[in-house]
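Worksheet for the structure shown next.
Just so it is clear, none of the values below were taken in a lab; they were calculated from the coordinates. Keep in mind the model is a prediction, meaning the values are calculated, not measured. Ideal geometry is used to build each Cβ from the backbone, glycine not excepted, and the neighbour counts take in all protein chains shown.
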Amino acid sequence: MSEANYSRKDVLNEAKKLGQMMADTEEVAFFKQAEEKINQNLKVQQLIKQIKDKQKEAVNLQHYQKGEALKAKEKEIDELHEEIDQIPLVQEFKQSQTEVNELLQLVSNTISRSVTNQIIEDTGGDKLKGTTGRNPFQEIRNKS
């Protein structure tokens, strides 16, 4: 068993640094700009308010079991969502959200792969098969 070189605290400090680096990427800068534009756009804000109001109404209709009225309210909400989704600014914002999420996923997957590969390497395993070295449970299974 190899000796640990880093504590949990060390790893978390590095994670914070990585988070700060990611916050300074093009993707995040674009997201911040898009969010600011959304917040300043009166039409978008009005539509968001209308959606929230109608969602509250829908919750009340559901509570009082007003099925037909609820369906109509949900249709109104869907129409408002369609309207807001047609606004180029909103499309730009959603695209920026997707790009930031993809970056986060890429970093997460890269870290996961790196840790897994290091474990495989340290235990004398096979990276191509994705297996670690000696597995005591495998030996028990083979004896059965």
Handout entry: Violating pairs (Cα-Cα greater than 26 angstrom) within the set LYS54/LYS94; LYS9/LYS94; LYS17/LYS43; LYS52/LYS94; LYS17/LYS37
Key = LYS9/LYS94; LYS17/LYS43; LYS17/LYS37
Exercise for the section: Before rounding to the nearest 500, sum -39500 (n - 2.57) across all DSSP H runs of length at least 4 in the chain and divide by the residue total; then give [θ] at 222 nm in deg cm²/dmol. Expected result: -27500 deg cm²/dmol
Exercise for the section: Between beta-carbons, use under 14 Å as the cut-off and find the net charge around LYS16, counting Lys and Arg +1, Asp and Glu -1. Expected result: 0
Fill in the blank from the handout: Per the 1/(1 + (r/R0)^6) rule, R0 = 30 Å and r from the Cβ atoms of LYS16 and GLU92, FRET efficiency to 0.05 is 0.55
Practice task
Enumerate the aspartates and glutamates that LYS71 could reach by cross-link, defined here as Cα to Cα under 19 Å, with residues fewer than 8 away along the same chain left out.
Solution key: ASP53, GLU57, GLU79, GLU82, GLU83
Fill in the blank from the handout: Taking alpha-carbon centroids only, the range 45-119 lies from the range 1-39 a number of Å equal to 24 Å
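Fewest to most neighbouring Cβ within 10 Å: what's the order for HIS81, HIS63?
Numbers: HIS81 12, HIS63 9.
In increasing order of surrounding Cβ atoms, one gets HIS63, HIS81.
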Handout entry: Kirkwood hydrodynamic radius of the chain, Cα pairs, Å
Key = 20.4 Å
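Find me the longest stretch of the chain that has none of the exposed chymotrypsin sites (Phe, Trp or Tyr not before Pro), where exposed means in a DSSP loop (not H, G, I, E or B) with at most 14 other Cβ atoms within 10 Å. Present the calculation step by step, with values, prior to reporting the outcome.
Numbers: sites that count: TYR6, TYR64.
The segment 65-144 is the longest one with no such site.
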Handout entry: Cα-based shape type of the range 1-74, given that a ≥ b ≥ c are square roots of the gyration tensor eigenvalues and the cut on a/c is 1.5
Key = oblate
Exercise for the section: Rank the residues VAL44, VAL90, VAL115 as a footprinting-exposure proxy: fewest other Cβ atoms within 10 Å of their Cβ go first. Expected result: VAL115, VAL44, VAL90
